[in-house]
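Accompanying notes for the structure given below.
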Amino acid sequence: MLSRSCIGLLNHVTTNDYIEESTTLQKTVTPVTGEEDELSFQQDTVSVSVSSSPVSRERRRMIIVANQLPIRVVKASEDGEQKLKFEWDVDSISFQLKDGFSEKVEVLYVGSLKAEVDQSEQEEVAQVLFEKFRCVPTFLPSEIHNKFYHGFCKHYLWPLFHYMLPVSKSQGARFDRSQWLAYVSANRVFADKVTEVINPDEDYVWVHDYHLMILPTFLRKRCPRVKLGFFLHNTFPTSEIYRTLPVREEILRGFLNCDLIGFHTFDYARHFLSCCSRMLGLDYESKRGYIGLDYFGRNVTIKILPAGIHMGLLESVLALPDTATRVKELKKEFDGKVVVLGVDDMDLFKGIGLKFLALGKLLEVNEKARGRVVLVQILNQARSSGKDIQDLKFEIEAIAKEINDKYGDKQSGYRPIVCINGPVSTQEKAAYYAISECCIVNAVRDGMNLMPYEYTVCRQGSVELDKALGVENDEAKKSVIIVSEFIGCSPSLSCAIRVNPWNIDDVCEAMNSAIRMADAEKQLRHEKNYKYINSHDVAYWAKSFDQDLERACREHYVKKWLDVGLGLNFRIIALDPSFKKLSVDYIVSAYRDTKSRLILLDYDGTMMPQGSLDKTPSLDVISLLNGLCSDPKNVVFIVSGRDRECLSKWFSPCDKLGLSAEHGYFTRWSKDAPWKTCGLASDFDWKNTVEPVMALYTEATDGSFIEKKESAMVWQHQEADPDFGSWQAKELLDHLESVLANEPVVVKRGQHIVEVKPQGVNKGIVVEELISTMRNEEKSPDFLLCIGDDRSDEDMFESIANLALPTKSQVFPCTVGQKPSRAKYYLDDTPDVITLLEGLLRHQQQIKHNVE
């Protein structure tokens, strides 16, 4: 339902002015309610969308969609009335990233507020937020929100994405169907709000994080050409973990309905690509520096770029006089101490307890550290609640108490571990960063964690902080960072000390190294880290994502788009604008009016479904082929990669059927005609080299085997582990190309195969030779039907496109399946192929009957 707050505002609010002052709202008016959720769309749709490129505007609009709006809500009582105050949350990355856009980009925000708003106020709140902040709030019912956020997101997805499987009830929440339905319902409400404000032909949409992973499916369904990007701020687990999700395919398809998908690290992207390969059978490739997935003809781009911090915001905090004052106070409080700082959410995966144990180990083995080293641990509030958080809090407090009791000194007031419970302001954190010799992030798993970035910038300081710390302004700055190997920022900070958080001794040694490190080394480490952080800030990250999203959407208006599928299995198929389905009615007139016809048919995947265990042609197929061959105007050929012995056996009942085996190396025009080779050299001594090499890889790769043909050898790895099989295929390809460099063969890698065959052998050569022979016999074809389903058949389509056939010739290159192809036509599947051929046969028999 389109809210009244948006209807009147979409046209006349065109600026992107961000007010810095807060806005006050007095309670009133009526609710905005979302529609009831639908897990499935109304019907399975197959529609075609073709439109011209939109007229470019001076301004471009970006819609930022995140679980929470970058807005702070404060409830205050004035003059006896309760009022709501709104202001920008400048610490929100959603707010900060707009600095990466040009002035011509207008930014809208869609998301939930961080405070519950009474239903009676929602309409007016929505209107004020849209007018003053360009924000569109999503008001989720309490029950939906609790199941969506606290249930499915925080207690199921969050642990799972951090490698914690709920093997028992005590080890995490198990999949709950009602929570999943709430997740779907919440994502649909977000889609409703985006749909209210979007101009689908011109606007860009950038969706953030794991709360909204199926939102792209809803948006793509409603706006097929929407320019859609997604960035996952969380980790993405390995396929072995991810595949335990009962709704794994629905979520993957949600990602794949985007044009651009962003990850912090290559590891996260690699895990995602592995899941797409293993669960959806999708291949990916790197081209000109970009990783791309072909998803039903659409190129889905994968971007790897860690987020950054807002330098200006932090530097402005450092320049405040109050910050310098607080730094002086802390410097005095920790005078003579080496401060090691940790800033973490109260979360199971932050490794806080392990960090405390490592400090205890340090104090145990290094007596000089006692009374000198202090670990200040700032604990941000937990983002969810539950027994697991309470247990964690109890464990942390117990470990800290034990270490403080053992190594603390009541007389001097020394405590090895100082815990500060949040929330803690940015200014307070900056002051602690400034006085700390070292910071440590010891998470056992974390998406990014920008705390080391903030620490480094604060250690760079400002004129005011330098005075407070008693250092010269031009003095070289120094800092030391200890980071877990398992967090997103670790690869970016090349001068950080990386540790395995599970190895207490390893973390202890890193702490010891940090406090004993020479100043010169600290300066070098700081300089290099600061240089990277300064050049890769949040504006750089947002600008780079925006540019890549624009590039990824360039082909939206040069292809024909078909939308197919029910519910969360919905997807878009991108095709060439001239690509259309071949129908019996369309081809029959051409068939009737022509006198010399050539019909070329692939077998596996075309005449016979790929999934069939028994590949022997049925009696119906044999009868159909014999019927087509009975017309003297027809030349019918099966063009296959199979060997000639197999084809001869299967099609022995077809006297007039032509066969081309092993991709055209062997050809015969009828059952009684002899087999002929394509005229290439018949020396196959190279097989003696190939076979032992392939045998080596077959032995090492479970599920692989060698297929021996007269003219070729094929290494098949379809039944092997997808990733290992792919790696082995690449290695085998390189190996064979090396040992066969001087042989007249070509080594090709196809779908689950590596094939070695003589140079110049492909199905395209078959087409050329058949047409050449027919021309020599003065039977040049004026009707050409060629149907195939895989990559080898693309050679036939390419040859047909390059042939100089007479202008009046009727040519129908046709692929099986709606996918990108050099063919101009398509049929959906094998039954469609049979139906088409049966239609031609019926027409042929009708003509014969009329003549008689």
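The values are calculated or read from the model by the stated rules, or taken from the named source; none is laboratory data. Here the structure is a predicted model, which means the values were calculated and not measured. With ideal geometry, Cβ positions are generated from the backbone for all residues, glycine too; neighbour counts draw on all protein chains shown. Please note that ligands, DNA and RNA were not included when accessible areas were found on the heavy atoms of the full protein model with its side chains. Shrake-Rupley method; radii C 1.70, N 1.55, O 1.52, S 1.80 Å.
Once neighbouring chains are kept in place and the probe is 1.4 Å, which whole percent of the accessible area of region 403-463 is contributed by carbon and sulfur?
Accessible surface attributable to carbon and sulfur in region 403-463 totals 43 percent.
Kindly report the accessible area of region 320-424 per residue (heavy atoms of protein chains, probe 1.4 Å, no ligands, DNA or RNA), in Å².
About 53 Å² of surface per residue is accessible.
In degrees between 0 and 90, to the nearest 10, how far off the longest principal axis of the chain does helix 177-197 point, with axes built from Cα atoms?
Orientation of helix 177-197: about 90 degrees from the principal axis.
Please report the antiparallel percentage of the DSSP beta bridges confined to region 780-832, to the nearest 5.
0 percent
With just the Cα atoms defining each centre, how far is region 265-305 from region 430-458? Give it in Å.
Between the Cα centres of region 265-305 and region 430-458 lies a distance of 31 Å.
Just to confirm the number: angle between the C-alpha axis of helix 791-802 and the first principal axis of the chain, 0 to 90 degrees, nearest 10?
60 degrees
Per residue of region 534-549, what does 6.51 cos²θ - 1.76 cosθ + 1.60 with θ = phi - 60° give for ³J(HN,Hα)? Whole Hz please, x for Gly and Pro, Karplus curve as stated.
So the J values, rounded to whole Hz, are 5, 8, 10, 7, 5, 5, 4, 4, 5, 5, 5, 5, 4, 5, 5, 5.
Summarise the long-distance tail of P(r) for region 793-852 by giving the % of C-alpha pairs beyond 16 Å.
Value for region 793-852: 58 percent of Cα pairs lie more than 16 Å apart.
Longer than 24 Å from Cα to Cα, which of K649/K763; K361/K429; K687/K748; K83/K132 are they? Say none if no pair is.
K361/K429
How large is the accessible surface per residue of region 162-240, computed with a 1.4 Å probe and reported in Å² as a whole number?
28 Å²
Return the lysines within reach of K848: Cα separation strictly under 26 angstrom, same-chain partners fewer than 8 residues apart disregarded; answer none if there are no such residues.
K595, K633, K656, K671, K779, K808
Per residue of the chain, what 222 nm ellipticity follows from adding -39500 (n - 2.57) for every DSSP H run with n ≥ 4, rounded to the nearest 500?
Counting only the DSSP helices, I get -11500 deg cm²/dmol.
In region 217-290, what is the volume of the convex hull around the alpha carbon atoms, normalised per residue and reported in Å³?
Each residue corresponds to 103 Å³ of Cα convex hull volume.
Find how much the distance from S630 to D405 grows on full extension, using 0.36 nm per residue of separation minus their present alpha carbon separation; answer in nm with one decimal.
Length difference between fully extended and current span is 71.2 nm.
Averaged over every viewing direction, what's the projected area of the C-alpha convex hull for region 260-340? Give it in nm², one decimal, please.
Result: 9.4 nm².
Indicate the gyration tensor shape class of region 629-669 (rounded, prolate or oblate), computed on the Cα atoms with a ≥ b ≥ c the square roots of the eigenvalues: a/c under 1.5 is rounded; otherwise a/b larger than b/c is prolate and the rest oblate.
It comes out oblate by the Cα gyration axes.
With a 1.4 Å probe and all protein chains in place, put W206, W650, W502 in order of accessible area, largest first.
Solvent-accessible surface, decreasing: W502, W650, W206.
Just to confirm, what accessible area per residue do you get for region 734-852 at 1.4 Å probe, in whole Å²?
Per-residue accessible area for region 734-852 comes out at 50 Å².
Starting from the residue with the highest accessible area, list C419, C276 in decreasing order, probe 1.4 Å.
C419, C276
Starting from the Cα gyration tensor of region 730-772, take the square roots of the eigenvalues, sort them a ≥ b ≥ c, and report rounded, prolate or oblate (rounded when a/c is under 1.5, otherwise prolate if a/b is larger than b/c, else oblate).
oblate
Can you give the % of DSSP beta bridges in the chain that are antiparallel, to the nearest 5?
About 40 percent, rounded to the nearest 5.
Where a Cα-Cα gap under 22 Å defines reach, which lysines qualify for K154, not counting those fewer than 8 residues away within the same chain?
Of all the lysines, those that pass the test against K154 - Cα under 22 Å, at least 8 places apart if same chain - are K114, K169, K350, K387, K393.
Within region 483-616, what whole-number % of the accessible surface is contributed by carbon and sulfur, with the 1.4 Å probe and all protein chains included in the calculation?
48 percent
For region 547-704, what proportion of DSSP beta bridges, expressed in % and rounded to the nearest 5, is antiparallel?
So the antiparallel bridges amount to about 55 percent of the total.
Would region 755-816 count as rounded, prolate or oblate if I go by the C-alpha gyration tensor, calling it rounded below 1.5 in a/c and otherwise prolate when a/b exceeds b/c, oblate otherwise?
Oblate, because a/c is 1.5 or more while a/b does not exceed b/c.
If you compute Rg and Dmax of the Cα atoms in Å for the structure shown, which of (i) 33.5, 119; (ii) 30.8, 114; (iii) 58.1, 185 do you land on?
Step by step, Rg and Dmax of the Cα atoms in Å for this structure corresponds to label (i).
Given a 1.4 Å probe and the protein chains all in place, what does the accessible area of E719 round to, in Å² to the nearest 10?
My reading of the accessible area for E719 is about 140 Å².
So which lysines pass the test for K221, namely a Cα distance under 24 Å, with those fewer than 8 places away in the same chain ruled out?
Once the sequence-local lysines are set aside, what remains near K221 is K193, K303, K559, K560, K580, K581, K819.
Ignoring ligands, DNA and RNA, what percent of the accessible area of region 665-754 is carbon or sulfur (1.4 Å)?
Accessible surface attributable to carbon and sulfur in region 665-754 totals 48 percent.
Pop a pseudo-label 7 angstrom from the Cα along the beta-carbon direction at both I420 and T238 and give the gap in nm to one decimal.
That separation, rounded to one decimal, is 3.8 nm.
Taking the chain as the reference, fit the longest principal axis to its C-alpha atoms, fit the long axis of helix 426-435 to the helix C-alpha atoms, and give the angle between the two in degrees, 0 to 90, nearest 10.
The two axes meet at around 80 degrees.
Could you please state, rounded to a whole Å, how far the C-alpha centre of region 312-371 is from the C-alpha centre of region 593-646?
76 Å
What is the sum of charges around L392, taking Lys and Arg as +1, Asp and Glu as -1, for the other residues whose C-beta is under 12 Å from the C-beta of L392?
Net of charged neighbours comes to -4.
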